Amino acid sequence: MKRAFDMERAREWLGRILCALGVHDLEVVEVQIGFGPSGTVEKVQCRRCGYRGTRRGRA
Ligand SMILES: [Zn+2]
């Protein structure tokens, strides 16, 4: 029981380190379809820390 709990803690700790390094567990929350040369823009959010950002999709 204690071992499983420690695994959970370790995973959370690792996740925080990755986020601190800028390696987020991103998921796409919204896709904005642009017209012209800008193409589509994806709004992304990190499942761990809630970091939000945008990234440009392929036109
Ligand atoms: Zn994050």
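So what are the ³J(HN,Hα) numbers for the stretch 42-49, from phi and the Karplus equation (6.51, -1.76, 1.60; θ = phi - 60°), rounded to whole Hz, Gly and Pro as x?
9, 8, 10, 9, 7, 6, 8, 9
Rounded to the nearest 500, what is the chain's calculated 222 nm mean residue ellipticity when only DSSP H runs of at least 4 contribute -39500 (n - 2.57) each, over all residues?
Working: 1 runs with 19 residues, N = 59.
Result for the chain: -11000 deg cm²/dmol, rounded to the nearest 500.
Could you give the nm distance between label points at T40 and L26, where each point is 7 Å from its Cα heading toward the beta carbon?
Here the answer is 1.4 nm between the modelled labels.
Between the stretch 35-59 and the stretch 1-29, what is the C-alpha centre distance in whole Å?
Centre-to-centre (Cα) distance: 22 Å.
What are the extents of the Cα atoms of the chain along their three principal axes, in Å, largest first?
For the chain, the Cα spread along each principal axis is 56, 20, 15 Å.
Provide T40, T54 in ascending order of the number of other Cβ atoms located within 10 Å of each residue's Cβ, fewest first. Please report the intermediate quantities before stating the final value.
Values: T40 14, T54 11.
Result, fewest neighbours first: T54, T40.
Let me have the relative contact order for the chain, percent, based on Cα pairs under 8 Å that are six or more residues apart. Intermediate results must be reported in sequence, preceding the final value.
Details: 77 pairs, mean separation 15.4, N = 59.
Relative CO of the chain lands at 26 percent.
Every number in this text was worked out from the coordinates using simple rules, so none of it is lab data. These figures come from a predicted structure and were not determined experimentally. Note that we place each Cβ from the backbone using ideal geometry, even for glycine, and neighbour counts take in every protein chain shown.
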